[in-house]
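Visitor: Sharing a structure here in structure tokens format.
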Amino acid sequence: MYTTEGKKIVSTEKAPKAIGPYSQAILAEDLIFTAGQIGLDPGTMELVDGGIEAQTRQVLTNLKHVLESADSGLRFVIKTTVFLQDMGDFARMNAVYAEFFAENPPARSTVQVAALPKGALVEIECVALLNPTRGD
């Protein structure tokens, strides 16, 4: 992480690098705001194979790594926004999502969009709290 103008830029090699002029996440005060993640494998920068389930799993794994690099984690997520290319994929996306947020799930909005970067089927962004027990 590095600081610029009162905000900390969050970056990790464990998640796909930004494919445009944006940061993986921003830390401001005790909140982390992530960029949307699509199902890119960070090693190849290609979408994972396996449809909506595999892409959702990769998206949430990418978000987990971004959050962990900022002294947070999925259990500290307070809000997600899910963008689906096809609302018909909702139930299958939701089943994988529930694996990652089994207890005390965050607030969530889900919308269908006309298209996502690189032809992705799902994109998810989140807002999370810093881990209150982190070692500053």
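The values are calculated or read from the model by the stated rules, or taken from the named source; none is laboratory data. If you're wondering where the values come from, they're calculated on a predicted model, not measured in any experiment. Positions of Cβ are generated from backbone atoms using ideal geometry, with glycine treated the same way; all protein chains shown enter the neighbour counts.
Visitor: Looking at the stretch 10-52, which of its residues are aromatic (Phe, Trp, Tyr) and under 16 Å from Leu74 (Cβ atoms)?
Guide: The one that is aromatic (Phe, Trp, Tyr) and under 16 Å from Leu74 (Cβ atoms): Phe33.
Visitor: Only one of these conditions is not met by Asn62: (1) surrounded by 20 or more Cβ atoms within 10 Å (Cβ to Cβ); (2) out of contact with any Gly (no Cβ under 7 Å at 6 or more places or on another chain); (3) touching a residue at least 60 places away in the same chain (Cβ under 8 Å). Which number is it?
Guide: For Asn62, the exception is condition (3).
Visitor: Further question: With the requirement that a residue be in a strand (DSSP E or B) and either under 12 Å from the mean Cα position of the chain (by Cα) or without any contact (Cβ under 8 Å) to a residue 24 or more places away in the chain (or both), what does the stretch 10-31 give you?
Guide: Ala25, Ile26, Ala28
Visitor: Say we look at the stretch 104-113 and pick out the residues that are in contact (Cβ under 8 Å) with a residue 12 or more places away in the chain and not basic (Lys, Arg); which of these is surrounded by the fewest Cβ atoms within 10 Å (Cβ to Cβ)?
Guide: Selected residue: Asn104.
Visitor: Hey, among the residues in the stretch 42-56 that are free of Cβ contacts under 8 Å to residues at least 40 places away in the same chain and surrounded by 15 or more Cβ atoms within 10 Å (Cβ to Cβ), which one's farthest from Pro16 (Cα to Cα)?
Guide: It comes out as Ala54.
Visitor: Among the numbered criteria (1) part of a loop (DSSP other than H, G, I, E, B); (2) under 17 Å from Lys64 (Cα atoms), which single criterion is violated by Ala114?
Guide: (2)
Visitor: Against the definition (at pLDDT 95 or above and either in contact with a strand residue (DSSP E or B) (Cβ under 8 Å, 6 or more places away or on another chain) or not charged (D, E, K, R) (or both)), how does Thr61 come out, yes or no?
Guide: Against the criterion (at pLDDT 95 or above and either in contact with a strand residue (DSSP E or B) (Cβ under 8 Å, 6 or more places away or on another chain) or not charged (D, E, K, R) (or both)), Thr61 qualifies.
Visitor: Among the residues of the stretch 32-58, write down those that are part of a strand (DSSP E or B) and under 14 Å from the mean Cα position of the chain (by Cα).
Guide: Matches in the stretch 32-58: Ile32, Phe33, Thr34, Gln37, Ile38, Leu40.
Visitor: Output the number of residues of the stretch 32-41 satisfying the condition of being touching a residue at least 60 places away in the same chain (Cβ under 8 Å) and over 13 Å from Val127 (Cβ atoms).
Guide: Qualifying residue count for the region: 4.
Okay, residues lined up against (1) crowded, with 16+ Cβ neighbours inside 10 Å; (2) assigned to a strand (DSSP E or B); (3) at pLDDT 95 or above:
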{"residue": "Lys79", "(1), (2), (3)": "no, yes, yes"}
{"residue": "Gly88", "(1), (2), (3)": "no, no, yes"}
{"residue": "Ala95", "(1), (2), (3)": "no, no, yes"}
{"residue": "Glu99", "(1), (2), (3)": "no, no, yes"}
{"residue": "Ile124", "(1), (2), (3)": "yes, yes, yes"}
{"residue": "Ala128", "(1), (2), (3)": "yes, yes, yes"}
{"residue": "Gly135", "(1), (2), (3)": "no, no, no"}
